[in-house]
Amino acid sequence: MAAKLRKGDKVVVLAGKDKGKQGEITSVDPKAGKAVVDGVNVAIRHQRQTQSNQGGRQPKAMPIDLSNLALMDANGKATRVGFREEDGKKVRFAKTTGDAI
């Protein structure tokens, strides 16, 4: 099945402790159905000091379930994603505005 959310998409969190927050997808794991979004679902991870890294307690964005994310349309609101053919190519479009993504 085609991916409704991809790396680089601007999304809104629909549920959970970060509900309402917005961010950009940095990576997607389709097999697990999860994505990592900048500034969302942040946890503190303890890092050992190395030559290149200071170490200490560092914030890290953890994966969030794709079902808790919605794509942002041009108006900045959450929208569902649809698929249609344009010029023989399958493209994603925002259901609220009808604009191709």
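The values are calculated or read from the model by the stated rules, or taken from the named source; none is laboratory data. Computed from a prediction, not measured in an experiment: that's the story for all the values here. Every residue, glycine among them, receives a Cβ derived from its backbone with ideal geometry; neighbour counts consider all protein chains shown.
List of remarks:
- Of all residue pairs spaced 6 or more apart or on separate chains, those with beta-carbon atoms under 6 Å, a first member in region 69-84 that is within 20 Å of Val36 (Cα to Cα) and a second member that is surrounded by fewer than 17 Cβ atoms within 10 Å (Cβ to Cβ) and among the basic types (Lys, Arg) are Met72/Lys10; Thr79/Lys95; Arg80/Lys95; Val81/Lys4.
- Single match in Asn53, Asn75 (criterion: farther than 23 Å from Asp99 by Cβ and either more than 10 Å from the chain's Cα centre (by Cα) or modelled with pLDDT under 95 (or both)): Asn53
- Of the strands (runs of 3 or more DSSP E) lying entirely inside region 19-101, not one contains at least 3 residues that are surrounded by 11 or more Cβ atoms within 10 Å (Cβ to Cβ) and of a type in the set (Lys, Arg).
- Single condition Val12 does not satisfy, out of (1) assigned to a strand (DSSP E or B); (2) free of Cβ contacts under 8 Å to residues at least 60 places away in the same chain; (3) under 29 Å from Val91 (Cβ atoms): (2)
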